[in-house]
Amino acid sequence: MTTRLLDFVLGSEEATAQLARSLAPSLHPGDVLLLSGGIGAGKTHFARSLIQTLLNVPEDVPSPTFTLVQEYDTTAGPLWHADLYRLSGPDEIEELGLVEAFDTAICLVEWPDRLGALTPSGALHMDFAADPDDDRRRALHVAWTDARWAARLASVDA
């Protein structure tokens, strides 16, 4: 498998939201986005913007830091937003039902390093990094091996 890479410089929160809004319509159940980066890097803002784009009726989109998983019924099908920061191992992840959701829902996973061997092979890896010189700016490094992501990412607007 060949890993494909794409880099973005997101100059503001609005640019991050625009990227999410642009990618959202191309997502389908079975798509997994792994959102990496430090605290405050933009993962939750990206996820919130993407989810709000796909909702039938606008609603608050809280961070799943304490609930671990938030589920949504969207125009594209079921969507799971998971935050694995507080989990310590794969057993806890399996108890959440997340592994099954990888096949049946659009899944946005923050802190995906906790997945270990449970990481889906066809996932889109999105690594956010804050700019130390400009707190509004983010760098986003995107990587994938599954060919379906190339066409979808070709049409995103950041």
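Every number here is computed from the coordinates shown, using simple stated rules; none is lab data. This structure is a prediction, so every number in the text was calculated from the model and none was measured. Here the Cβ positions follow ideal geometry from the backbone for every residue, glycine too, while neighbour counts run over all protein chains shown.
For a test of the definition: using alpha carbon positions, the gyration tensor, and the 1.5 limit on a/c, classify region 52-137 as rounded, prolate or oblate.
Oblate shape, in that a/c is at least 1.5 and b/c is the bigger or equal ratio.
Suppose a student asked you for the relative contact order of the chain, using Cα pairs under 8 Å spaced at least 6 residues apart; what percent would you report?
Relative CO of the chain lands at 37 percent.
Within region 60-96, find all residues whose amide N lies under 17 Å from a label point positioned 7 Å from the Cα of residue 113 along Cα-to-beta-carbon.
83-90
With the crude spin-label approximation of a point 7 Å out along Cα→Cβ, what separation in nm comes out for residue 85 versus residue 104?
2.8
Could you tell me which of rounded, prolate or oblate describes the chain, using a ≥ b ≥ c as the square roots of the eigenvalues of the alpha-carbon gyration tensor, with rounded for a/c under 1.5 and, failing that, prolate when a/b is larger than b/c and oblate otherwise?
Rounded shape, in that the Cα axes give a/c under 1.5.
Could you pull out every residue, at least 5 positions away or on a different chain, whose amide H is within less than 5 Å of the one on residue 110? Hs are placed 1.01 Å off N in the peptide plane, and Pro or chain starts have none.
Distant-sequence amide H within range of residue 110: 35, 82, 83, 84.
Net charge near residue 140: determine it from the other residues with C-beta under 9 Å of the C-beta of residue 140, scoring Lys and Arg +1 and Asp and Glu -1.
-1
What number, in percent, do you get for the relative contact order of region 18-83 if the mean sequence gap of Cα pairs under 8 Å and at least 6 apart is divided by its residue count?
Contact order relative to length: 32 percent.
Give me Rg over Rh for region 1-68, both radii from the alpha carbons and Rh done the Kirkwood way, two decimal places.
In region 1-68, Rg relative to Rh is 0.97.
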